[in-house]
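Here the structure is laid out as structure tokens; the discussion comes afterwards.
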């Protein structure tokens, strides 16, 4: 489906495909009497519209390409199954680690539909990236994500933005287009004050993937100043995951290649088994250090080694070091070392 056709979808058609959040009877009757059923309201966002919790390990999926460089939707669907089998709580696509800037509009639509066709029947919540260079296109992606049954949406700011007021307009347009829970991916100079301002004017915004500055310095203020209404997820390969969990992070969005280790660390931590979580996270750090050097290509190479991807082709995302044979051998050695802790 083309984005242009998504833009032309009527409001009534969108709402017929929406899985409504539960409303108490009095509130429903009030909205009905006011003629506002279907309007954007401030939900108590603790789960997606299908009831899947929005907390835990939500990997940013890598995008598979065929040998000829085309989007490989079959492998993308297989990646959803892998992430679910690995014990992750969610699946996020397409974001920066998905090379989303290299994807065409038609590829993004086709990829999202393939993901939801597989993901609807699985435990992991599906979060679809809707960012675009302009608010109109981002809103179209948001409407499409809602219609195909996503559990939530996420949006990075436009690469070119004038000021905070323009960002507020951008996220308001996305929030008005869909009633799905919205993750804002904070990057660059997006301040705590700006994020708190967005919570007041974009009712669906209750989750942030915070990569603007140090998450360790911002988790506390974001939680405290929002009255804990804003749930904070982190990124950066989760390199300080244990410290983030101590500060009350609601989740993390690492890459998909060894997500089973992150998911096991999360469960150990939540079960109060802190020493076991620390020990296991030490295994993850071996891989984190390597993929930080080699970039997205190394993540895809691990997925290839694990039998999920047929190759490790990239359109972008080269690391600071080339993934040469020595790098590949190191990844193979580490993967063999951590194999007992892999679940999928």
* Search result, residues across the range 307-318 that are without any contact (Cβ under 8 Å) to a residue 40 or more places away in the chain and within 16 Å of residue 98 (Cβ to Cβ) -> 312, 318
* To do: Kindly provide the set of residues from the range 182-199 that are within 19 Å of the chain's Cα centre (by Cα) and assigned to a loop (DSSP other than H, G, I, E, B), ordered by number.
  => 187, 188, 190
* Those residues that are buried (at least 17 other Cβ atoms within 10 Å of the Cβ) and either at positive phi or more than 15 Å from the chain's Cα centre (by Cα) (or both), I need them from the range 86-106; list them, please. => 86, 87, 99, 103
* **Answer from 249, 256, 271, 277 - the residue that is at pLDDT 95 or above, in contact with a helix residue (DSSP H, G or I) (Cβ under 6 Å, 6 or more places away or on another chain) and surrounded by fewer than 22 Cβ atoms within 10 Å (Cβ to Cβ)** => 277
* Asked: Out of all the residues in the range 200-214, is one or more part of a helix (DSSP H, G or I), at pLDDT 95 or above, under 16 Å from the mean Cα position of the chain (by Cα) and surrounded by 15 or more Cβ atoms within 10 Å (Cβ to Cβ)?
  -> no
* Asked: Somewhere in the range 282-294, is a residue within 19 Å of residue 80 (Cβ to Cβ) and at pLDDT 95 or above?
  -> no
* Which is touching a residue at least 60 places away in the same chain (Cβ under 8 Å) and under 15 Å from residue 150 (Cα atoms), of 49, 94, 59, 64? -> 49
* **Test: residue 295 is under 19 Å from the mean Cα position of the chain (by Cα), surrounded by 15 or more Cβ atoms within 10 Å (Cβ to Cβ) and free of Cβ contacts under 8 Å to residues at least 40 places away in the same chain** => yes
* Structure fact -> Over the range 147-167, the set of residues under 26 Å from residue 77 (Cβ atoms) and surrounded by fewer than 24 Cβ atoms within 10 Å (Cβ to Cβ) is 147, 148, 149, 156
* **Failed criterion for residue 279 (all others in (1) assigned to a loop (DSSP other than H, G, I, E, B); (2) over 27 Å from residue 66 (Cβ atoms); (3) without any contact (Cβ under 8 Å) to a residue 24 or more places away in the chain hold)** => (1)
* To do: Mind listing just one residue for me: the one in the range 215-243 that is in a loop (DSSP other than H, G, I, E, B) and exposed (fewer than 14 other Cβ atoms within 10 Å of the Cβ) and, of those, farthest from the chain's Cα centre (by Cα)?
  => 227
* If you take the residues in the range 310-343 that are touching a strand residue (DSSP E or B) at 6+ places or on another chain (Cβ under 9 Å) and within 17 Å of residue 67 (Cβ to Cβ), which one is surrounded by the fewest Cβ atoms within 10 Å (Cβ to Cβ)? -> 315
* Structure fact -> For residue 174, the lone unmet condition from (1) out of contact with any helix residue (DSSP H, G or I) (no Cβ under 6 Å at 6 or more places or on another chain); (2) buried (at least 23 other Cβ atoms within 10 Å of the Cβ) is (1)
* May I ask you to verify whether residue 109 is under 18 Å from residue 74 (Cα atoms), in contact with a helix residue (DSSP H, G or I) (Cβ under 7 Å, 6 or more places away or on another chain) and part of a helix (DSSP H, G or I)? => yes
* Members of the range 27-67 that are farther than 27 Å from residue 198 by Cβ, out of contact with any helix residue (DSSP H, G or I) (no Cβ under 6 Å at 6 or more places or on another chain) and at pLDDT 95 or above -> 65, 66
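The values are calculated or read from the model by the stated rules, or taken from the named source; none is laboratory data. All values derive from a computational prediction rather than experimental measurement. Ideal geometry is used to build each Cβ from the backbone, glycine not excepted, and the neighbour counts take in all protein chains shown.
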